[in-house]
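The values are calculated or read from the model by the stated rules, or taken from the named source; none is laboratory data. As the structure is a prediction and not an experimental result, all values here were calculated from the model. Neighbour counts run over all protein chains shown; Cβ positions are idealised from the backbone, glycine included. Accessible surface areas use protein heavy atoms only, side chains included; no ligands, DNA or RNA. Shrake-Rupley method; radii C 1.70, N 1.55, O 1.52, S 1.80 Å.
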Amino acid sequence: TDRSRGLGDVYKRQDIDISIKKEKEKGMYIQILTDKNMPISEISDALYSSFAEHLGRSIYEGIYEPGHPLADEDGFRTDVLELVKGLKLSMVRYPGGNFLSGYNWRDGIGPKEKRPIKLDLAWKTTETNRFGTDEFMKWCKKAGVEPMMAVNLGSGSAMDAAELVEYCNHDGETSLTAERKRNGGAQPYRVKMWCLGNEMDADGQIGHLGAQAYADKAKEAAKLMRYVDESLELVCCGSCSTDAPTYPEWDRIVLETLYDRVEYLSLHQYFWADNNDNDFYASSVCMDRYIETMAGVCDYVRTKLRSKKQMMLSFDEWNIWNIPQSGEAKWGIAPHILEDSYTLKDAIVFASLLNSLLCHCDRVKCACLAQLVNVIAPIITQKGGAAIRQTTYYPFALYSAYARGIAYRPIVIAPKLSSEKHGEFPAISVAIAQQADGTLNVFLSCFADETSEVELELRSFGATSCFEHIVMQGELMRRNCFETPDCVKPEEGELVRKRGEKFTMTAEGVSFHVLRFHTEKSKEGGTIYDGHSKPVL
Ligand code: AHR
């Protein structure tokens with residue numbers, strides 16, 4: 001009997017091989033493997049941060065709309081607050097962005113009727129200053145997020161920056177802290193993370209500086225800010241994008257002056273849907289290259305300066321941005337600008353950008369989805385009306401819920417796709433994370449038009465069963481709008497099959513998947529080293 005059972009197994013195995021062979025012939029065949037001895041790093045909570053700038057309807061009619069039927073006593077939209085909570089954000093960066101470089105933070109504090117109404121030269125709008133630092137701090141508390149502040153190093157001075165730190169964080173009795181208390185901030189706000197300016201390499205930035213001039217100004221600001229509060233974590237401006245003419249030389253020069261003064265170099269990059277799909281699908285490959293280049297520049301400077309410190313990266317503006325930047329604002333108050341409407345296709349590429357961040361989470365310790373509400377955002381609102389989730393809301397919320405704990409390096413064996421702009425890239429983008437309770441989560445963005453058979457080798461984790469498959473697929477140009485707000489959302493997928501020691505699933509064309517596995521409790525081991533010498537865990 002034993003023998004015949006054995007023979008039966010052999011036949012079954014053959015059946016499996018035949019069916020795999022048939023599937024291979026039908027479409028794409030992809031293999032993914034990982035190993036519990038291949039951790040990348042712990043995933044920083046700050047990877048799930050966002051950004052709210054005084055731009056268009058991000059603040060006004062976005063998070064703040066006194067008079068809205070769902071506004072609370074502070075004028076904050078509670079419907080928006082609920083959607084924001086669903087993203088489980090760590091920090092929100094504020095107040096800009098390009099807006100920052102012309103902003104005097106003193107205009108945004110004190111009695112509202114006394115606050116000046118000013119032109120915002122960055123976005124050609126009129127700024128009422130009805131929302132400022134104290135409102136932002138209050139909003140953060142209600143949203144359950146930490147503030148991440150930025151100081152103006154365009155039109156602002158190093159002393160202005162230090163005084164803002166004093167206003168926000170100082171515990172003693174000064175005129176500024178008394179003012180904060182009068183304005184509702186009884187306790188210091190204790191803001192930990194601060195950006196030293198915004199995109200100061202960009203020609204159009206108010207107060208634009210050359211790399212050395214910026215570095216000198218940022219160095220002085222960092223010095224004074226730390227005189228006030230030595231516990232701050234500081235982020236210096238990197239290049240505003242990989243298309244900037246001074247990229248990556250700007251970053252080297254800035255770091256050579258600021259290496260000992262800051263903890264993070266800032267990265268900004270947006271991606272857009274081209275006429276050629278493959279150029280768009282290769283976005284995460286560009287993001288990979290960008291992160292790796294910046295990590296390389298940081299390490300070059302570290303070696304040059306003989307420093308022991310490892311510089312970390314703050315990818316504090318990233319997103320898909322399809323809508324052209326228009327000059328339609330014409331000094332309006334909270335005009336509709338940069339209100340991108342995202343498709344399912346955008347959401348799938350967006351997920352692959354999160355994969356890129358996770359696969360580099362040993363260096364990227366902070367990342368801000370730019371932005372949060374209305375302006376290239378996962379949440380859009382109607383004045384006096386509804387607030388809805390865009391397609392990109394869902395992948396962000398899924399990663400923020402499940403891509404926690406430790407990220408693992410995926411090995412991917414996949415057919416290549418070809419992009420005119422970016423060359424060859426794999427037909428799938430992958431990230432893998434294991435949560436503290438042992439749940440192993442695999443995130444896949446599939447870019448092949450045809451059916452893909454995906455085989456997963458997760459043996460070393462003791463992955464016993466797949467208990468959840470969440471999928472976003474279908475007509476790629478669908479979007480959510482106020483008439484049909486739930487047109488695109490994640491669905492329950494078929495649970496993946498276990499074939500011998502491996503799991504297999506079928507992806508129907510371009511699609512996004514989250515696969516969740518139970519694992520056997522892993523045994524404690526020693527320190528895991530990456531390559532030869534760098535301890536990872
Ligand atoms: O997020 C929109 C804008 O993009 C920001 O103001 C600026 O920093 C970047 O160029």
If contacts are Cα pairs under 8 angstrom and at least 6 residues apart, what is the relative contact order of region 362-488 in percent?
19 percent
I need to check one value: relative contact order of the chain, counting alpha carbon pairs closer than 8 Å and at least 6 residues apart, in percent.
19 percent
For region 51-111, with every protein chain kept in place, what is the accessible area per residue (1.4 Å probe, Å²)?
27 Å²
Can you give the accessible area per residue of region 396-526, in Å², using a 1.4 Å probe?
45 Å²
Protein-only accessible surface order, largest first, of H422, H336 at 1.4 Å:
H336, H422
Give the carbon-plus-sulfur fraction of the accessible surface of the chain in %, rounded to a whole number; probe 1.4 Å, heavy atoms of protein chains only.
51 percent
M200 accessible area, assembled protein chains, probe 1.4 Å, Å²
0 Å²
Semi-axes in Å, largest first, for region 40-138 (Cα gyration tensor, √(5λ)) are 25, 18, 12
What Kirkwood Rh does region 195-315 have if only Cα atoms enter the pairwise 1/r average? Answer in Å.
15.0 Å
For region 272-336, the Rg and Dmax computed from alpha carbons only, in angstrom:
18.3, 51
DSSP beta bridges in the chain [antiparallel fraction, %, rounded to 5]:
60 percent
Under the rule of -39500 (n - 2.57) per DSSP H run of 4 or more residues, summed and divided by the residues of the chain, what mean residue ellipticity at 222 nm is obtained, to the nearest 500 deg cm²/dmol?
-8500 deg cm²/dmol
So, relative contact order of region 339-388 in percent, Cα under 8 Å, 6 or more apart, is 33 percent
Could you give each residue of region 241-253 its phi-based ³J(HN,Hα) in whole Hz, using Karplus coefficients 6.51, -1.76, 1.60 with θ = phi - 60°, and x for Gly or Pro?
5, 6, 7, 4, x, 8, 6, x, 5, 3, 5, 5, 4
Using a 1.4 Å probe on heavy atoms of the protein chains only, the accessible area for D203 in Å², nearest 10, reads 130 Å²
Specify the longest stretch of the chain that does not include any exposed loop site, a site being one of the GluC sites (Glu not before Pro) with a non-H, G, I, E, B DSSP assignment and at most 14 other Cβ atoms within 10 Å.
74-172
Report, as a whole number in µm² per second, the diffusion coefficient that Stokes-Einstein gives for the chain at 20 °C and 1.002 mPa s using the Kirkwood radius over alpha carbon pairs.
87 µm²/s
Long-range amide H partners of A463, meaning residues 5 or more apart or on another chain whose placed amide H is closer than 5 Å, are E520
Give the long-range amide H neighbours of V262: residues separated by 5 or more places, or on another chain, with amide H under 5 Å away, using H modelled in the peptide plane at 1.01 Å from N.
none
Rg/Rh of region 149-237 (Cα atoms, Kirkwood Rh), to two decimals, equals 1.01
Per-residue HN-Hα couplings for region 504-519, Karplus 6.51 cos²θ - 1.76 cosθ + 1.60 at θ = phi - 60°, whole Hz, x for Gly and Pro?
10, 9, 10, 9, 8, x, 5, 6, 10, 9, 10, 10, 10, 10, 6, 10
Please list the non-local residues whose amide H lies under 5 Å from the amide H of I320, H modeled 1.01 Å from N, same-chain partners needing a gap of 5 or more.
F271
For a test of the definition: using alpha carbon positions, the gyration tensor, and the 1.5 limit on a/c, classify region 127-187 as rounded, prolate or oblate.
oblate
Gain on full stretching of the segment that runs from Q382 to R306 - 0.36 nm per residue minus C-alpha separation
22.0 nm
